[in-house]
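Below is one structure; the comments refer to it alone.
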Amino acid sequence: MSNISITQLDKTYPGVTAVHALDRIDLQVEQGEFIALLGPSGCGKSTLLNLIAGFEAPSAGELRVGGQPIDRPGPERGVVFQEAALFPWLNVWENVVFGPKIAGVPKRDYTARAEEMLEITGLSAFKRHLPVQLSGGMRQRVGIARVLTLGSKVLLMDEPFGALDAQTRLTMQELLLSVWQTLRTTVVFVTHDIDEAILLADTIYVMSARPGRIATRIAVPIERPRSLDLITGEVFNELKREILKQMRH
């Protein structure tokens with residue numbers, strides 16, 4: 001069974017002028033698969049992510065995660081936004097354990113995992129720092145560690161590196177590759193950056209302009225583990241040319 005199963009999903013926002021955001025989306029994501037949703041601004045990428053997260057309800061169609069229908073947010077689906085959205089009065093450790101703590105999980109049950117996620121994301125030495133004392137990239141690491149500490153089976157990422165400078169963005173992409181290689185969590189990653197999609201994903205879904213449809217499914221034929229060196233390779237650039245061609249159509 002697919003970890004995420006989407007069948008004939010539609011989303012229309014009612015109003016004086018109704019907005020048909022998504023049209024007949026069919027999508028199957030396997031357990032541990034890393035997929036990227038790629039397309040122009042306004043094509044419905046973030047809307048689709050919000051539907052999987054349970055923040056919004058579909059107008060038609062079926063959406064299941066782990067075989068269960070989705071009608072609300074849940075801890076099995078962790079979301080990382082473009083902004084880390086940390087609590088500024090809490091330090092790194094307190095932000096990371098906030099989810100399980102507020103859910104009433106005993107401290108002994110989440111401490112070891114939180115320590116592990118801080119280690120994986122390179123934050124162990126910054127546990128007592130406040131968000132204001134961290135760079136943008138470090139704050140995003142905290143956001144990722146916070147979601148991973150929840151033990152979410154699905155990680156939903158909405159252009160999480162979009163606000164970062166080019167150098168920091170590459171560093172965060174490299175970090176995410178390492179984290180995924182270790183945990184093999186199912187990831188749905190929204191981006192409009194072709195290089196980012198190819199570097200990170202197993203499968204890329206190119207979406208059309210609104211109403212958003214899945215225009216093309218492209219398997220990325222690059223073995224893992226991956227490194228940033230790939231972006232100058234022949235296979236990488238050949239695939240990039242193909243995706244550019246598909247997006248122009």
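Values quoted throughout were computed directly from the atomic coordinates according to the rules given, and no laboratory measurement underlies them. Because the structure is a prediction, the values reported are computed rather than measured. Heads up, the Cβs are rebuilt from the backbone with ideal geometry, glycines too, and the neighbour counts pull from every protein chain shown.
Residue count for region 24-72 under the criterion of being touching a Gly at 6+ places or on another chain (Cβ under 8 Å), free of Cβ contacts under 8 Å to residues at least 24 places away in the same chain and within 16 Å of T12 (Cβ to Cβ): the result is 0.
Here L230 does not qualify as in contact (Cβ under 8 Å) with a residue 12 or more places away in the chain and either under 15 Å from the mean Cα position of the chain (by Cα) or crowded, with 18+ Cβ neighbours inside 10 Å (or both).
Among the residues making up region 130-150, those that are buried (at least 17 other Cβ atoms within 10 Å of the Cβ) and of a type outside the set (V, I, T) are P131, L134, G137, M138, R139, Q140, R141, G143, A145, R146, L148, L150.
Only one entry of R217, R169 meets the criterion of being closer than 30 Å to L9 by Cα and of a type in the set (K, R), and that entry is R217.
Could you check region 1-77 for strands (runs of 3 or more DSSP E) lying wholly inside it with 2 or more residues that are closer than 25 Å to K245 by Cβ?
Of the strands (runs of 3 or more DSSP E) lying wholly inside region 1-77, those with at least 2 residues that are closer than 25 Å to K245 by Cβ span 19-29, 34-38.
A Cβ distance below 8 Å, combined with a sequence gap of six or more or placement on separate chains, defines the contacts here; from region 117-146, residues that are within 17 Å of A85 (Cα to Cα) reach residues that are outside any helix (DSSP H, G or I) and β-branched (V, I, T) in the pairs Q140/V80; R141/T121; V142/T121; G143/V80; I144/V80; I144/T121; A145/T121. Considering (1) closer than 30 Å to A125 by Cα; (2) surrounded by 15 or more Cβ atoms within 10 Å (Cβ to Cβ), the lone condition that E56 does not fulfil carries the number (1). With respect to (1) assigned to a loop (DSSP other than H, G, I, E, B); (2) over 30 Å from P221 (Cβ atoms), the lone exception for Q82 is condition (2).
Go through region 181-205 and report how many residues are surrounded by fewer than 22 Cβ atoms within 10 Å (Cβ to Cβ) and among the aromatic types (F, W, Y). So the count comes out to 0. Within region 129-147, the set of residues being aliphatic (A, V, I, L, M), under 22 Å from F189 (Cα atoms) and more than 15 Å from the chain's Cα centre (by Cα) comprises M138 only.
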